[in-house]
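For reference, the structure discussed in these notes is given below.
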Amino acid sequence: FCAPGSLKKKNADFSLLNGRGSYGAGDGSNGVPKLMDLLDEPVPGVGTYEDFNTIDWVREKSKDRDHHREIATKSKESALALMKSISDAFSGWLLMLLVGLMSGALAGGIDISAHWMTDLKEGVCLNGFWFNHEHCCWNSNETTFQERDKCPNWKSWAELIVGTNEGPFAYIMNYLMYVCWALLFSFLAVSLVRAFAPYACGSGIPEIKTILSGFIIRGYLGKWTLIIKTITLVLAVSSGLSLGKEGPLVHVACCCGNILCHLFTKYRRNEAKRREVLSAAAAVGVSVAFGAPIGGVLFSLEEVSYYFPLKTLWRSFFAALVAAFTLRSINPFGNSRLVLFYVEFHSPWHLLELIPFVLLGIFGGIWGAFFIRANIAWCRRRKTTRLGHYPVLEVLVVTAVTALLAFPNSYTCMSTSELISELFNDCGLLDSSQLCNYANVSVTKSSSDALPDRPAGQDVYTAMWQLSLALVFKMLITVVTFGMKVPSGLFIPSMAVGAIAGRLLGVGMEQLAYYHHDWVIFRGWCSPGADCITPGLYAMVGATACLGGVTRMTVSLVVIMFELTGGLEYIVPLMAATMTSKWVADALGREGIYEAHIRLNGYPFLEPKEEFSHKTLAMDVMRPRRSDPPLSVIMQDGMSVEEVESLIAETSYSGFPVVVSHESQRLVGFVQRRDLVISIENARQHQEGVVSASRIFFTEYTPPQPPNSPPPLKLRGIMDLSPFTVTDHTAMDIVVDIFRKLGLRQCLVTHNGRLLGIITKKDILKHMAQMANRDPDSILFN
């Protein structure tokens, strides 16, 4: 999916997580105590994490509690300390305000730029090249209502180059310019991603889910990723590829959140607190993508967040509100709406219409399951064959095919957001769209704007054929587009597939009701001359069903869709379609698209929704196995600096259990490799007399030393005195629950107090893969 070269270089680091290597541990029983007894100040770097490691939630929460305790104690001592306490409490809300403002401003800029560059493929405005087609014609005094898309100020490329917009030569010229602009935009996008920020490709949601579960991918939410993703997102959307900007906007918002965290000490130094901010930032991303603040908060809660306390819910709500307000102030679409496809339907739906709505749900579920399987198969092929070695060529070929096939069909030539807007639209008297070109019947103007059902004209039948071709095209091209080395979202293409299918079914139902209103299913509620069926509503329900089938979202999806449309009375059809699509898709395959990509990339992510139903014990999963060498341990008072350094050099584990002695194997605590290395280096530099022969003690009191021996090194402060332990007969379903709910990196296995082995998060993932008849070595970050 997103496997840049920089990841491969770090695979050596990731081997720290392998086998009996540990994912870290909690701190001492009193939180984070003084780190080195022989130094007054904490050692810089102790308590931090390597790249491609998992954070220890228990230790981070303990650090946060100690921080609050310290501030609360000091606040009683002076007025200045009280002010610091107040500013510390307020810093979270200030950070949310900044994240909302920054994300809203960036989203507004992306919307305006993408709209302009999409129109640039068709022509240019003579009044100012920076105007898109719509704004150019707004400013013209010669534009008529009937021909509002045509104005003297807007010239197509054929008019500028050959002087006319009629005839085959003009058509070929427009076709050629459309393809050339598309290739230029996609080439710039993939080149910038490849050269400056390999992490800017894809949608980013699978990686953000993994990061929120506690994994560290340095640079994924950095400033270069933010800059390049923002620029290339505009280019990728403008190129006409079958992708959306909604998923990548979540990544952009999370980058904003991560960068702004560095302004506040509390969030800069605590990985768990930072993940609370990132959860809120994910809500902000959906808020600005769809103009749906409440839907954004629910999306973060349901789909991406691993740990979502009540405080984060309130802050997410506030940040999403600020972001939506900022976007509304920028008004990127010029219609005082937050989204391009805001619609209002005028006629209510009838109970019998639930049958076609459920059919759309079944279609959405089948399409979702098909898409996930096809896309994962294609992405796996990209990873394992030579195809993955030529990302620029792949993007250019897909862009060329997309542009060549899209231009002749007016429904694929327009941007996908405009297509969805047109499909959602409820036909009125003033609509000039092909979809609304019904045969004329005498209309008596009623108080409502709704028009009665009418027979379809020739243009509507033409539009149906074009939409059917567009449906097949979108279904196939999206499979190969999602996962290329450009920013690519999945929300809009999935909604487009569903909206096309829904509109086709809606028009079919409308014509059925017009010509056969005496049938049993229409009798009693659909009389001649009444407005019974709203095809735009079917398009909306279809869009919801397909997006639900692909992502497996439920509550958040329904809320996003009714916030999009402003139609509270259509919640029941949306709920029926969403639940049907989820049931059908789950019956055909358990994973949503994001979980499938997480597994494809081998990220260490414990899916909270997945049940563990096997009857295995901790002793079946722990390392070392019978054929393995014994567990690498450190004795609490019997090892020299040289012995510990050689143990670190010979192994690649992330941490070591501390025991009383090799004979007894009684567990004392756990120490992280990184903390051990940093503390020994620091002692050699700052403490006189520390040499390779110096003894290392993890005991509370240092025993008397021989007269001429070098000074000892006391490292009890960096040891976790209360590591999580389970007995060898603990059921694995309980162990998996402990790992999920506490966010552990590792758990030690004991028998009658004696250390037997260790279980890491990666061991659990490998065991779960094995139980599901999958290759356990697929859990290898690539």
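The values are calculated or read from the model by the stated rules, or taken from the named source; none is laboratory data. All values reported here derive from a predicted model rather than from experimental measurement. No Cβ is skipped: glycine too gets one built from the backbone with ideal geometry, and neighbour counts run over all protein chains shown. These accessible areas exclude ligands, DNA and RNA; they are computed on the full protein's heavy atoms, side chains included. Shrake-Rupley method; radii C 1.70, N 1.55, O 1.52, S 1.80 Å.
A few notes on this one:
- Boolean, GLU642 is surrounded by fewer than 20 Cβ atoms within 10 Å (Cβ to Cβ) and out of contact with any helix residue (DSSP H, G or I) (no Cβ under 7 Å at 6 or more places or on another chain): yes
- Of the helices (runs of 4 or more DSSP H) that lie entirely inside region 258-316, those containing 1 or more residues that are within 21 Å of ILE55 (Cα to Cα), touching a residue at least 40 places away in the same chain (Cβ under 8 Å) and not small (Gly, Ala, Ser) span 265-268, 271-290.
- Taken over region 691-712, the residue count meeting the criterion of being out of contact with any Phe, Trp or Tyr (no Cβ under 6 Å at 6 or more places or on another chain), crowded, with 16+ Cβ neighbours inside 10 Å and farther than 18 Å from VAL659 by Cβ is 3.
- Check on LEU387, free of Cβ contacts under 8 Å to residues at least 60 places away in the same chain, in the same structural domain as LEU476 (by the TED database) and part of a helix (DSSP H, G or I): yes
- Checking each residue in region 600-622 for being surrounded by 19 or more Cβ atoms within 10 Å (Cβ to Cβ), over 18 Å from ASP737 (Cβ atoms) and not hydrophobic (A, V, I, L, M, F, W, C) picks out ASN601, TYR603.
- If the condition is being in a helix (DSSP H, G or I), open to solvent by 10 Å² or more (accessible area, probe 1.4 Å) and more than 30 Å from GLY296 (Cβ to Cβ), then region 510-563 contributes GLU510, GLN511, LEU512, TYR514, TYR515.
- Residue within region 76-83 that is open to solvent by less than 70 Å² (accessible area, probe 1.4 Å), touching a residue at least 12 places away in the same chain (Cβ under 8 Å) and at negative phi present: no
- Taking each residue of region 637-651 that is in the same structural domain as SER694 (by the TED database) and looking for partners that are open to solvent by 50 Å² or more (accessible area, probe 1.4 Å) and outside any helix (DSSP H, G or I) with beta-carbon atoms closer than 6 Å, six or more apart or interchain, yields SER640/ALA693; SER640/ARG695.
- Tally, over region 370-421, of residues that are at pLDDT 90 or above, open to solvent by 40 Å² or more (accessible area, probe 1.4 Å) and acidic (Asp, Glu): 0
- Test set (1) open to solvent by 20 Å² or more (accessible area, probe 1.4 Å); (2) not in a helix (DSSP H, G or I) - ILE734 fails condition number: (2)
- PRO630 being open to solvent by 70 Å² or more (accessible area, probe 1.4 Å) and over 27 Å from the mean Cα position of the chain (by Cα): yes
- Residues located in region 717-731, provided they are under 18 Å from VAL671 (Cα atoms), touching a Ser or Thr at 6+ places or on another chain (Cβ under 9 Å) and either open to solvent by 60 Å² or more (accessible area, probe 1.4 Å) or of a type in the set (Ser, Thr, Tyr) (or both): LEU721, SER722, THR725
- Leading residue by the ranking (nearest to PRO604 (Cα to Cα)) among those in region 216-229 that are in a helix (DSSP H, G or I) and within 15 Å of the chain's Cα centre (by Cα): THR225
- Of everything in region 446-501 that is of a type in the set (D, E, K, R) and at pLDDT below 90, the residue that is nearest to LEU192 (Cα to Cα) is ASP459.
- Scanning region 319-331 finds one or more residues that are over 30 Å from HIS135 (Cα atoms) and outside the structural domain of LEU742 (by the TED database).
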